[in-house]
Amino acid sequence: MAKFRRRTCIILSLFILFIFSLMMGLKLLRPNTATFGAPFGLDLLPELHQQTIHLGKKIDFQKSDRINSETNTKNLKSVEITMKPSKTSELNLEELPPLNYFLHVFYYSWYGNPQFDGKYIHWNHPVLEHWDPRIAKNYPQGRHSPPDDIGSSFYPELGSYSSRDPTVIETHMRQMRSASIGVLALSWYPPDSSDENGEATDNLVPTILDKAHKYNLKVTFHIEPYSNRDDENMYKNVKYIIDKYGNHPAFYRYKTKTGNALPMFYVYDSYITKPEKWANLLTTSGSQSVRNSPYDGLFIALLVEEKHKYDILKSGFDGIYTYFATNGFTYGSSHQNWANLKYFCDKYNLIFIPSVGPGYIDTSIRPWNSQNTRNRINGKYYEVSLSAALQTHPSLISITSFNEWHEGTQIEKAIPKRTSNTVYLDYRPHKPSLYLELTRKWSEKYSKDRTTYTSDQQQH
């Protein structure tokens with residue numbers, strides 16, 4: 001009897017060993033692309049909600065019934081854990097797919113640290129108060145305290161970096177190149193001006209252009225709503241940008257259907273300025289007109305509400321973009337409206353540029369705004385957004401964003417990090433490069449699809 005039991009145990013052990021070996025063998029044979037399944041259907045996303053809003057970097061968010069499924073965990077009693085940035089290996093440009101100059105990404109150069117700037121800039125972002133004092137009193141106030149406590153729900157692989165660090169700029173260009181992104185849309189304020197939490201960054205443009213050119217990337221400009229922006233100073237600033245940077249080989253120009261290669265300017269919060277003012281700059285009869293001059297270009301307006309499209313027409317803009325990475329937050333950012341917007345743009349000969357994003361979470365700086373969080377779902381949210389954009393057959397696609405860390409829309413590499421009172425979100429179970437890899441995958445698909453529905457030639 002004992003001999004029988006021993007033999008049974010041996011046979012069972014050998015069987016288990018065989019099954020384990022078979023499973024390991026099959027796992028090794030699985031292609032790398034298997035980690036990315038087909039994107040969720042659009043119908044699986046939460047129901048869309050239209051909201052009435054006032055936008056800008058100070059955003060008033062209205063209540064909705066969305067549930068926050070991504071949160072920072074505070075006051076944890078644990079030891080600090082930080083993963084060190086992985087060493088970036090040399091890119092073999094010949095092995096990478098071609099750059100897609102019809103894919104743009106919004107890029108921010110407003111970060112600073114003591115080593116390069118004498119202090120932290122933007123990483124120590126203040127916690128913004130809710131406009132209703134009764135709600136505001138329920139949330140923390142003050143500023144973040146880098147390097148361990150930063151104004152973001154994720155933590156960068158490069159740490160609390162400075163946008164002035166040449167190695168950081170180069171690393172960013174390499175990451176964009178690896179993602180097959182052809183153009184970065186640089187957040188821009190005029191010289192000697194900045195956003196309310198930052199400092200002037202125009203003096204960084206030459207370095208950004210040089211580093212971009214090294215990787216064959218192009219740079220276009222995302223004009224921020226600087227103080228007292230109007231038609232007159234916009235003319236001066238467009239002239240400044242073209243005169244100063246227009247001859248650089250990395251300066252982006254888009255070849256239109258008529259064969260003209262023109263600079264492109266995204267205009268954030270364009271709706272703040274009345275159409276009559278914009279018409280002075282953007283129509284041929286305007287008093288400050290850039291049309292048919294050395295300072296002509298393609299000016300792209302931000303569309304938030306549906307009614308803005310008629311103001312955009314009156315203003316003389318050349319196209320629209322939607323910016324926000326929050327499906328359902330605005331009319332423009334809602335995937336379900338993109339087909340109608342594309343139809344409108346085609347009808348009036350405008351360029352439609354949907355903005356896609358990997359997710360959204362800004363509760364590190366707006367702790368009361370969890371209802372507008374969009375869970376990344378391990379990359380699925382991003383793929384749904386990209387799929388929705390491709391379905392409209394757009395001339396261009398913009399990505400929000402490469403590194404807007406405050407609003408959690410970044411595709412830049414992020415790492416796991418835990419301190420005594422904060423646990424940051426990360427991209428696990430995937431690698432820090434997940435969103436760069438997804439971008440490369442969809443960039444290739446977009447490039448192939450685009451050739452089937454447009455005769456536009458890629459600019460050189």
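The values are calculated or read from the model by the stated rules, or taken from the named source; none is laboratory data. Bear in mind that the values here come from a model prediction, so they are computed numbers and not experimental data. Glycine gets a Cβ as well: all are built from the backbone with ideal geometry, and neighbour counts include every protein chain shown. Quick note on the areas: whole protein, heavy atoms, side chains included, nothing else; ligands and nucleic acids left out. Shrake-Rupley method; radii C 1.70, N 1.55, O 1.52, S 1.80 Å.
Given the conditions (1) open to solvent by less than 40 Å² (accessible area, probe 1.4 Å); (2) in a helix (DSSP H, G or I); (3) closer than 18 Å to ASN403 by Cβ; (4) touching a residue at least 12 places away in the same chain (Cβ under 8 Å), report the number of the one that THR207 does not fulfil.
Single failed check for THR207: (1).
Taking THR220 and the conditions (1) in a loop (DSSP other than H, G, I, E, B); (2) farther than 25 Å from TRP368 by Cα; (3) among the β-branched types (Val, Ile, Thr), which numbered condition does it fall short on, given that it satisfies the others?
Going through the list (1) in a loop (DSSP other than H, G, I, E, B); (2) farther than 25 Å from TRP368 by Cα; (3) among the β-branched types (Val, Ile, Thr), THR220 breaks only (1).
Can you go through ALA261, ALA279, ALA301 and tell me which one is farther than 16 Å from VAL183 by Cα, at pLDDT 95 or above, of a type in the set (A, V, I, L, M) and in contact with a strand residue (DSSP E or B) (Cβ under 7 Å, 6 or more places away or on another chain)?
ALA301
Are there any pairs with C-beta distances below 6 angstrom linking a residue in the range 314-343 that is open to solvent by 10 Å² or more (accessible area, probe 1.4 Å) to a residue that is of a type in the set (D, E, K, R), with the two at least 6 apart or on different chains, and if so which?
Between residues of the range 314-343 that are open to solvent by 10 Å² or more (accessible area, probe 1.4 Å) and residues that are of a type in the set (D, E, K, R), the close pairs are TYR331/GLU305; TYR331/GLU306.
Of the residues that sit in the range 249-261 and are in contact (Cβ under 8 Å) with a residue 12 or more places away in the chain and open to solvent by 40 Å² or more (accessible area, probe 1.4 Å), which one is farthest from HIS222 (Cα to Cα)?
In this case the residue turns out to be LYS257.
Per-residue answers, yes or no, for (1) of a type in the set (Val, Ile, Thr); (2) part of a helix (DSSP H, G or I); (3) in contact with a Pro (Cβ under 8 Å, 6 or more places away or on another chain):
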| site | (1), (2), (3) |
| --- | --- |
| LEU96 | no, no, no |
| HIS104 | no, no, no |
| SER109 | no, no, no |
| TRP123 | no, no, yes |
| TRP131 | no, no, no |
| ASN138 | no, no, no |
| SER145 | no, no, no |
| ILE150 | yes, no, no |
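Just wondering, is there one or more residues in the range 274-282 that are open to solvent by less than 60 Å² (accessible area, probe 1.4 Å) and out of contact with any helix residue (DSSP H, G or I) (no Cβ under 7 Å at 6 or more places or on another chain)?
Looking for residues that are open to solvent by less than 60 Å² (accessible area, probe 1.4 Å) and out of contact with any helix residue (DSSP H, G or I) (no Cβ under 7 Å at 6 or more places or on another chain), one finds none in the range 274-282, hence no.
Which of (1) under 24 Å from SER443 (Cβ atoms); (2) touching a residue at least 12 places away in the same chain (Cβ under 8 Å); (3) of a type outside the set (Phe, Trp, Tyr) is the odd one out, the single condition LYS309 does not satisfy?
(1)
Evaluate the range 405-418: report whether one residue or more is open to solvent by less than 10 Å² (accessible area, probe 1.4 Å), in a loop (DSSP other than H, G, I, E, B) and in contact with a His (Cβ under 8 Å, 6 or more places away or on another chain).
The answer is yes, given that some residue of the range 405-418 is open to solvent by less than 10 Å² (accessible area, probe 1.4 Å), in a loop (DSSP other than H, G, I, E, B) and in contact with a His (Cβ under 8 Å, 6 or more places away or on another chain).
So SER289 ticks every box in (1) over 22 Å from SER227 (Cα atoms); (2) without any contact (Cβ under 8 Å) to a residue 40 or more places away in the chain; (3) surrounded by 19 or more Cβ atoms within 10 Å (Cβ to Cβ) but one. Which box is left unticked?
Against the list (1) over 22 Å from SER227 (Cα atoms); (2) without any contact (Cβ under 8 Å) to a residue 40 or more places away in the chain; (3) surrounded by 19 or more Cβ atoms within 10 Å (Cβ to Cβ), SER289 comes up short only on (1).
Here's the yes/no breakdown for (1) open to solvent by less than 40 Å² (accessible area, probe 1.4 Å); (2) closer than 30 Å to GLU306 by Cα; (3) modelled with pLDDT of 90 or more:
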position	(1), (2), (3)
LYS57	no, yes, no
LEU128	no, yes, yes
ASN138	no, no, yes
SER152	yes, no, yes
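State yes or no: is TYR101 open to solvent by less than 20 Å² (accessible area, probe 1.4 Å), within 30 Å of LEU438 (Cβ to Cβ), modelled with pLDDT of 50 or more and in contact with a strand residue (DSSP E or B) (Cβ under 7 Å, 6 or more places away or on another chain)?
Answer is no for this residue.
With GLU383, GLU444, GLU407 as the choices, which residue is in contact with an Asp or Glu (Cβ under 8 Å, 6 or more places away or on another chain) and in contact (Cβ under 8 Å) with a residue 12 or more places away in the chain?
GLU407
Considering only residues that are among the polar types (S, T, N, Q) and either open to solvent by less than 20 Å² (accessible area, probe 1.4 Å) or closer than 15 Å to SER447 by Cβ (or both), which ones fall in the range 179-200?
Answer for the range 179-200, where residues must be among the polar types (S, T, N, Q) and either open to solvent by less than 20 Å² (accessible area, probe 1.4 Å) or closer than 15 Å to SER447 by Cβ (or both): SER180, SER187.
Select, from ARG143, ARG134, the only residue that is surrounded by fewer than 16 Cβ atoms within 10 Å (Cβ to Cβ), out of contact with any Phe, Trp or Tyr (no Cβ under 7 Å at 6 or more places or on another chain) and modelled with pLDDT under 95.
ARG134
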